[in-house]
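Asks: The structure's right below; bear with me while I get my questions together.
Values quoted throughout were computed directly from the atomic coordinates according to the rules given, and no laboratory measurement underlies them. Keep in mind the model is a prediction, meaning the values are calculated, not measured. In this analysis, Cβ positions are derived from the backbone assuming ideal geometry, glycine residues included, and neighbour counts consider all displayed protein chains.
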Amino acid sequence: MIKLLNVLRDYLPAVVFLILGGAVGGLFSTLNLLTGVRTRPNLNRSTPYECGLPSEIQRGFRFGISFYLIAMLFILFDIEVIFIYPIAVELRSFGGFALGETITFVILLMIAFIYVWRRGALEWK
Amino acid sequence: MIAFADVNYFEPWWIQIVKALLIFLVIFGVLPLLTVYERKLLGRFQHRYGPNRVGPYGLMQPLAEIVKFARKEAFRPTGSVGFLFRLAPAISILTAVGGLALIPWGNVQNILGTRIGLYGIDVSIGPLYVFALGGISFYGILLGGWASGSKYSFLGSMRAAAQLISYEVSQGLALVGVLITAQTLSLTGIVNAQRGMWYFIPQIVGFLIFMVASFAETNRAPFDLVEADAELVGGYFTEYGGTGFVAYLFAEYVNMMVVSAMAATLFLGGWLLPFGIHPPGWVDPFVVLAKMMLFMTLFIWIRATLPRLRYDQLMSFGWKVLLPLATLNLLVTAIIVVH
């Protein structure tokens with residue numbers, strides 16, 4: 001409990017910043033509702049932007065699979081980063097053993113990376 | 001093992017709140033000037049004057065603009081989801097402003113008998129705090145694009161998400177070299193570890209990767225594919241107007257400032273000065289601000305110089321060049337430091 005309180009004291013300024021950010025963000029996104037000019041609703045003006053033809057857009061339309069692939073690869077490599085951070089901080093004090101572990105870890109990941117590359121997942125289609 | 005950064009004292013809670021407010025107000029004051037600075041500089045690069053009508057040297061330009069933006073009609077397209085459409089820019093600002101807390105403006109100083117750290121927070125997770133907020137900021141972009149109910153917005157937000165996550169990996173890996181050398185994640189600790197030599201000399205590869213990834217992360221040219229006006233009209237904020245649009249720009253500028261400060265702290269020695277100059281403590285924040293301005297100028301200069309990339313070039317550059325390079329940098333640094 002004491003420890004939790006100490007952590008909270010460490011982060012108190014961050015909490016203030018987040019509150020300020022929320023306040024400014026809330027102000028910006030609602031200011032037009034309060035101070036903006038009001039006009040009669042107009043169906044033609046409130047259609048989404050489109051070049052010429054009436055927009056037939058729904059939110060559920062299909063798009064490229066590449067985005068999903070990138071998202072999956074991102075998870076793989078972001079976890080790599082998260083795993084490497086703690087060991088990077090302590091690498092010098094742990095010495096050779098940790099170095100060996102890091103190199104093994106990175107090489108294993110690079111094998112996966114080369115596999116992904118060879119299979120063409122990094123080609124943007 | 002150090003569980004937390006060596007914060008073995010606590011400032012009174014009201015000092016923490018006051019200094020957070022103070023930092024925020026300074027940034028909030030500098031930000032509009034920065035937009036004028038960018039437009040002035042871009043003007044000069046293109047052999048014109050830039051804004052020079054409103055106020056002396058056009059300095060009042062942002063004030064005139066915010067009034068104009070505030071008077072705009074509260075518009076949202078028919079297919080949009082109203083609640084999320086309003087929420088998304090607020091999320092973007094929230095995460096951007098939250099990042100400001102981490103910038104170290106100086107060391108712990110003795111001010112009127114109280115020890116005050118010239119930073120918002122100095123926590124044991126350091127840069128991970130900014131990355132965590134960066135992860136949440138995707139929601140601001142994705143929700144904004146999706147909730148607009150417009151094709152251009154949606155495609156723009158998908159592109160933005162793919163671009164940001166691709167370059168976040170390289171950005172994170174580029175820092176590992178610094179962490180191995182500094183042996184700490186605390187940003188003040190990293191600055192203090194640079195007393196001998198600033199890290200951009202031994203970590204030049206990491207520095208370059210970090211800067212390139214930062215350009216992509218903040219959607220700045222030549223990586224502004226997110227808002228590529230030639231193909232996507234405006235990207236995820238196509239449907240935004242008035243202050244909602246300002247919110248996204250505000251978030252972009254705050255993000256630029258955070259990234260500049262991170263680069264100055266991690267690679268350019270934070271508040272340290274070269275050639276053994278040790279100014280009194282109150283100079284430190286100005287040194288950091290000057291180094292940040294250096295990076296901001298670089299951001300603007302590059303925008304004026306380089307044309308935009310193609311999207312497939314952007315993705316393959318991130319994955320096939322930056323990522324292997326960052327990994328190699330990590331391994332080489334690890335081997336050199338341990339031996």
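Asks: Any idea what angle helix B:204-217 forms with the longest principal axis of chain B, computed on alpha-carbon atoms, 0 to 90 degrees, nearest 10?
Replies: So the inclination is approximately 30 degrees.
Asks: Dipole magnitude of the stretch A:69-125 about its Cα centre, charges +1 at Lys/Arg Cβ and -1 at Asp/Glu Cβ only, in debye to the nearest 20?
Replies: Details: 4 positive and 5 negative charges, 48 e Å.
Using Cβ point charges on Lys, Arg, Asp and Glu, the stretch A:69-125 gives about 240 debye.
Asks: Can you find, among B:Q183, B:F275, B:V108, the residue farthest towards the positive end of the dipole of the stretch B:13-338? Put +1 on the C-beta of Lys and Arg, -1 on that of Asp and Glu.
Replies: The one lying farthest along the dipole's positive direction is B:F275.
Asks: With charges set only on the Cβ (+1 for Lys and Arg, -1 for Asp and Glu), what does the dipole of chain B come to about its Cα centre, in debye to the nearest 20? Walk me through the numbers before you get to the answer.
Replies: On the way: 21 positive and 16 negative charges, 150 e Å.
Charge dipole of chain B: 720 debye, to the nearest 20.
Asks: For the stretch B:13-338, with the dipole built from +1 on Lys and Arg beta-carbon atoms and -1 on Asp and Glu ones, taken about the Cα centre, which of B:L155, B:V81, B:G241 lies farthest toward the positive end?
Replies: B:G241
Asks: What pairs in B:K40/B:K72; B:K19/B:K72; B:K19/B:K320; B:K68/B:K151; B:K40/B:K291; B:K72/B:K291 have C-alpha atoms more than 31 Å from each other?
Replies: Values: B:K40/B:K72 25 Å; B:K19/B:K72 35 Å; B:K19/B:K320 43 Å; B:K68/B:K151 28 Å; B:K40/B:K291 20 Å; B:K72/B:K291 37 Å.
From the list (B:K40/B:K72; B:K19/B:K72; B:K19/B:K320; B:K68/B:K151; B:K40/B:K291; B:K72/B:K291), the Cα-Cα distance tops 31 Å for B:K19/B:K72; B:K19/B:K320; B:K72/B:K291.
Asks: Could you work out, residue by residue across A:42-48, how many beta carbons of other chains sit within 10 Å of that residue's beta carbon, and then give the average as an integer?
Replies: Values: counts 0, 1, 0, 4, 6, 5, 14.
Averaged over the peptide's residues, the number is 4.
Asks: Right, something else. Taking Cα atoms, how many degrees apart are the long axis of helix B:61-70 and the longest axis of chain B, rounded to 10 and kept between 0 and 90?
Replies: 50 degrees
Asks: Helix B:284-305 sits at what angle to the longest principal axis of chain B, using alpha carbons and giving 0 to 90 degrees rounded to 10?
Replies: It works out to around 40 degrees.
Asks: For B:T238, B:T297, B:T184, what ranking results if the residue with the fewest other Cβ atoms within 10 Å of its Cβ goes first?
Replies: Working: B:T238 26, B:T297 14, B:T184 20.
Listed from fewest to most nearby Cβ atoms, that is B:T297, B:T184, B:T238.
Asks: Let me ask you something else. Which one of B:V233, B:V26, B:V108 has the biggest mean-square fluctuation once chain B is modelled by GNM with Cα springs under 10 Å?
Replies: B:V26
Asks: Evaluate the relative contact order of chain B (contact order divided by residue number), counting alpha-carbon pairs under 8 angstrom at least 6 apart; express in whole percent.
Replies: Numbers: 469 pairs, mean separation 73.8, N = 339.
That works out to 22 percent.
Asks: Toward the positive end of the charge dipole of chain A, about the Cα centre and with charges on Cβ (Lys, Arg +1; Asp, Glu -1), which of A:I70, A:P48, A:G100 goes farthest?
Replies: Working it through, the farthest residue towards the positive pole turns out to be A:P48.
Asks: On to the next question. Starting from the Kirkwood Rh over alpha-carbon pairs, what translational D in µm² s⁻¹ does the protein assembly as shown have by Stokes-Einstein at 37 °C and 0.692 mPa s? Working shown, then result.
Replies: On the way: Rh = 23.5 Å.
For the chosen part, D equals 140 µm²/s.
Asks: Here's another thing I want to ask about it. Loop by DSSP (not H, G, I, E, B), at most 15 other beta-carbon atoms within 10 Å: where is the longest site-free stretch of chain B for trypsin sites (Lys or Arg not before Pro)?
Replies: Values: sites that count: B:R48, B:R53, B:R71, B:R195, B:R310.
My reading of the result: B:72-194 is the longest stretch.
Asks: Other chains near B:183-189: what is the mean number of their Cβ atoms within 10 Å of each residue's Cβ? Please report the intermediate quantities before stating the final value.
Replies: Numbers: counts 6, 2, 4, 1, 0, 0, 1.
The mean count of partner-chain Cβ atoms within 10 Å per residue comes to 2.
Asks: Using unit Cβ charges (K, R positive; D, E negative) and no other charged atoms, how large, in debye to the nearest 20, is the dipole of the protein assembly as shown about its Cα centre? Intermediate values should be presented prior to the final figure.
Replies: On the way: 32 positive and 24 negative charges, 230 e Å.
Charge dipole of the protein assembly as shown: 1100 debye, to the nearest 20.
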